[in-house]
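Scroll down for the structure; my scribbles are underneath it.
The values are calculated or read from the model by the stated rules, or taken from the named source; none is laboratory data. As the structure is a computational prediction, the values presented were derived from the model and not from experiment. Don't worry about glycine lacking a Cβ; one is built from the backbone with ideal geometry, like all the others, and counts go over all protein chains shown. Accessible surface is based on the protein model in full, side chains and every heavy atom, while ligands, DNA and RNA are left aside. Shrake-Rupley method; radii C 1.70, N 1.55, O 1.52, S 1.80 Å.
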Amino acid sequence: MVSIGSSTYSKRLLHLVSWSHWFTFFNILAAIVLSSFYLFSESSPETLLGKLYLVTTWFSHMGFLTFIGFVLIIFPLTLIYPKTRLIRGTASIVFTLGLLLLLLDAFIYARLGYHLNASSSEQIIELIKTQIDRNHRAFWFISLVLFFAILSFQLLVSNYAWKHLRELQKTVYPKFIVSGLVLSFFFSHITHIWADANLEYDILRQDTMFPLSYPSTAKTLLTKYGLFDKQDYIARRTSTLSFESIPTYPTFNEDCDSKTKLQRSAILVLTDKDLTERQIDQFAQRSSVKHLKLIKHIDNALPNDSWFNLLYSLPSIYKAPVLASGKKPVLFQVLENKNIEATLTYFGEVEEHTTVKSFEPMFNQVESFDNISTYIIGKKFKEQTNGLHIFYFSGDNQYQFELFIDALLLSQREAKTKDLIWISSIGNENIDSGLNIKPALLIAPNGESKPVNALTSHFDLVPTLMNNWLACSSDVKRYSVGENITTLNKNRVIANTVDKGIMVFNKDKSVFIDQHGNFQSYSRQLESPIMVSKDFPLMIDGVHFIKQFTLNGEN
């Protein structure tokens, strides 16, 4: 014998379950419509199969995500506590927040190239903060309008489905829509399996378009962002990184104060051996003027690329086309326009094939010494005219390197006008050592003494010299991917390329991603490379850093 109470409970439960299915159905349609914003962030597929795959995966994936939200949240709550007002109210709030989250994710994807994730939370928060700072009124107005618009839609649909439930149960068209979504689900998955086996790029490049979709590969993403030639996606599986097109390297002849006479020199003291924090601390203590300790400095290039990174302030992938253009680095263009001397001095033996040798014609004077006695005993430091002076120590001569810096800093104590001095290592023996942090020191007379906790790199040297030494106020992005260290006030992702992959750094880790999708990091505790989980958002941030010069050139 069934009690009246249990019968009423069953009817209410069945009514709520039936209503929730229809409510979810209407939200699936809304999610499909709103997710169309993802399509505007990507170029259209080139093949008919690619376009068919895009449509089917779009419909089925968004329908699946929305239905999963119902299964995980609304359905269990309905079974546990089948109260009409509670379920309908909760469902409206849940799906409102879900669709708002979908729109936010679409915005993040359009701007950053990846979806909401924990590993890139700092970049995502920075993007949102930037939007608020630009026009906080418009931001909050649009946010509130979207919230109330979606909430109103939820309440209308909820009320309609509740009042017209019996009429809806008699309709036929939803069955065809659901059947189409199910067929699209199976078709898109089968097509992706085939594309994965045959390396069909037109399909595989769509892997990361929608949230919580297929995990992509590093090779596919690097090709998608233009670091591999997509026309040779299969044939060039072991090829080196390269751009399909490179912007013209700029000719720089404006925005610098040419009337004021140069008052000080810029002195760069470089060594091919890694410096320690202890050494940097010692140099800083001996300095009589303000200095910046770059405790999270990066020099990730191999020897043949490191000088290009330093002088041109660009990642290694630009090296071949930029050098082929025959143009001097922007820094040297300005020096030539202002008749400022540039000298290069070697200490120790430097192999002929190293890149620094190819840059010798840019300097007014190139000298080589076996030891530093000429500078220690004589008056070389005092005799130097104001200009750019680079001293490079090669080989096993760290004692002479430290003694040279002691003599240089002592001469600065006696000088009336203090010079701008940069002390760092340059170049790495292999990729693994390039993943380590290499502290450096910037002695800037007009700055302040403090440790710089943000990431810095050799890319930052030229922008710093252009602004602080040569009084050039032109937009740094025209010629560099670096920033002025003296005004650096935020964390960022820094990246560079080697022949077989990309090296990416953020404040927490350093990662090398090869073209086969392997992620390798460096453990400072173990002093050895280690394998780490794939972090594609970090890799995409690195690609964006590398492509800054290309994008600014196109614009």
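What part of the accessible area of the chain, given as a whole %, is carbon or sulfur when the probe is 1.4 angstrom?
Working: 15580 of 27050 Å².
Roughly 58 percent of what the probe reaches on the chain is carbon or sulfur.
For the pair Leu52 and Leu103, label points projected 7 Å from Cα toward Cβ lie 3.5 nm apart. Protection proxy ranking of 82-92, 126-136, by the mean of other Cβ atoms within 10 Å over each peptide's residues and highest first, is 82-92, 126-136. Mean residue ellipticity at 222 nm, helices only, the chain: -15000 deg cm²/dmol; runs of at least 4 DSSP H residues each add -39,500 (n - 2.57), and the sum is divided by the number of residues.
Couplings 3J(HN,Hα) of segment 453-463, computed from phi: 7, 6, 5, 10, 8, 4, 4, 7, 5, 4, x Hz, in residue order, whole Hz [Karplus 6.51 cos²θ - 1.76 cosθ + 1.60, θ = phi - 60°; x for Gly and Pro].
Of His544, His389, which has the most accessible area and how do the rest follow, probe 1.4 Å?
Heavy-atom accessible area, descending, gives His544, His389.
About the centre of its Cα atoms, the chain shows a dipole size close to 2720 debye [charges on the beta carbon of Lys, Arg (+1) and Asp, Glu (-1) only; nearest 20 debye]. For segment 370-406, trypsin sites (Lys or Arg not before Pro) meeting the loop criterion (DSSP other than H, G, I, E, B) and having at most 14 other Cβ atoms within 10 Å: Lys379.
Think of a 1.4 Å ball rolled over the protein heavy atoms: segment 126-173 then has 77 Å² of accessible area per residue.
Phi angles of segment 188-203 translate, via the Karplus equation with coefficients 6.51, -1.76, 1.60 and θ = phi - 60°, into HN-Hα couplings of 5, 5, 5, 5, 5, 4, 5, 5, 5, 6, 9, 6, 7, 4, 4, 9 Hz per residue; Gly and Pro are given as x. Consider a paramagnetic label point 7 Å from the Cα of Asn371 along Cα→Cβ; state which residues of segment 389-420 have an amide N under 11 Å from it. Hits in segment 389-420 for Asn371 at 11 Å: 400. Subtracting the Cα-Cα distance of Glu402 and Phe186 from 0.36 nm times their residue separation leaves 71.0 nm of extension gain. In this structure segment 363-494 gives 41 Å² per residue of accessible area when probed at 1.4 Å with all protein chains present.
For segment 444-521, the list of trypsin sites (Lys or Arg not before Pro) that fall in a loop by DSSP and count at most 16 other C-beta atoms within 10 angstrom reads Lys490, Lys500, Lys507, Lys509.
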